[in-house]
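Notes to accompany the following structure.
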């Protein structure tokens with residue numbers, strides 16, 4: 001989802017490097033972390049979102065590799081602000097919203113553990129009853145729609161203006 005966001009257009013006052021890869025798992029990101037380190041020097045912010053591809057494939061044990069990614073990024077980029085973003089909701093019958101909410105609580109804990117920031121984008125994608133706003137997702141129930149990218153952008157912008 002990160003890969004398909006036109007983040008430079010959405011944040012013209014920043015120099016954006018989008019390193020998202022569609023379909024990537026937490027383990028995939030962990031495997032390419034050294035390439036990221038070699039190619040990215042001293043960003044002001046690092047926005048991290050990964051994990052939904054694991055959950056969609058019923059691979060729920062993502063916390064240890066996620067923690068390793070956060071540990072690496074906070075060690076390598078001491079002057080950068082690492083922003084751990086929540087996993088977004090989906091409309092897939094085999095994924096309970098509670099699984100994503102529980103995982104997001106663990107991600108928030110990891111962020112605290114490593115003095116990173118946590119950005120809850122999930123809450124902006126759900127209605128007061130906890131159901132995803134349909135207009136934020138494409139018909140497949142997973143990928144973010146144009147309106148969803150607008151909501152996500154608004155949350156990131158709000159964070160940057162704090």
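All of the numbers you see were taken from the coordinates with simple rules; none came from a lab. Bear in mind the structure is a predicted one, so any value in this text is a computation, not a measurement. Ideal geometry is used to build each Cβ from the backbone, glycine not excepted, and the neighbour counts take in all protein chains shown.
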Rounded to 5, the percent of DSSP beta bridges in the stretch 7-160 classed as antiparallel: 20
The stretch 7-160, relative contact order [Cα under 8 Å, separation at least 6], %: 19
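Rounded to the nearest 0.05, what FRET efficiency do residue 105 and residue 61 give with R0 = 22 Å and r taken as the Cβ-Cβ distance? Could you check?
Step by step, r from the Cβ atoms, then E = 0.90.
For the ranges 49-56, 134-141, 117-124, what's the packing order if you count other beta-carbon atoms within 10 Å of each residue, average per peptide, and put the highest first?
Highest mean packing first, the order is 49-56, 117-124, 134-141.
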Whole-Å semi-axes of the chain's equivalent ellipsoid (Cα gyration tensor): 23, 19, 15
Mean residue ellipticity (222 nm) of the chain, computed from DSSP H runs ≥ 4 via -39,500 (n - 2.57), nearest 500: -12000 deg cm²/dmol
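Could you work out how much longer the chain between residue 160 and residue 35 gets when fully extended? Use 0.36 nm per residue separation minus the Cα distance between them, nm to one decimal.
42.4 nm
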Model label zone, residue 127; criterion: amide N under 20 Å from point 7 Å along Cα-to-beta-carbon; scope the stretch 79-118: 88-101
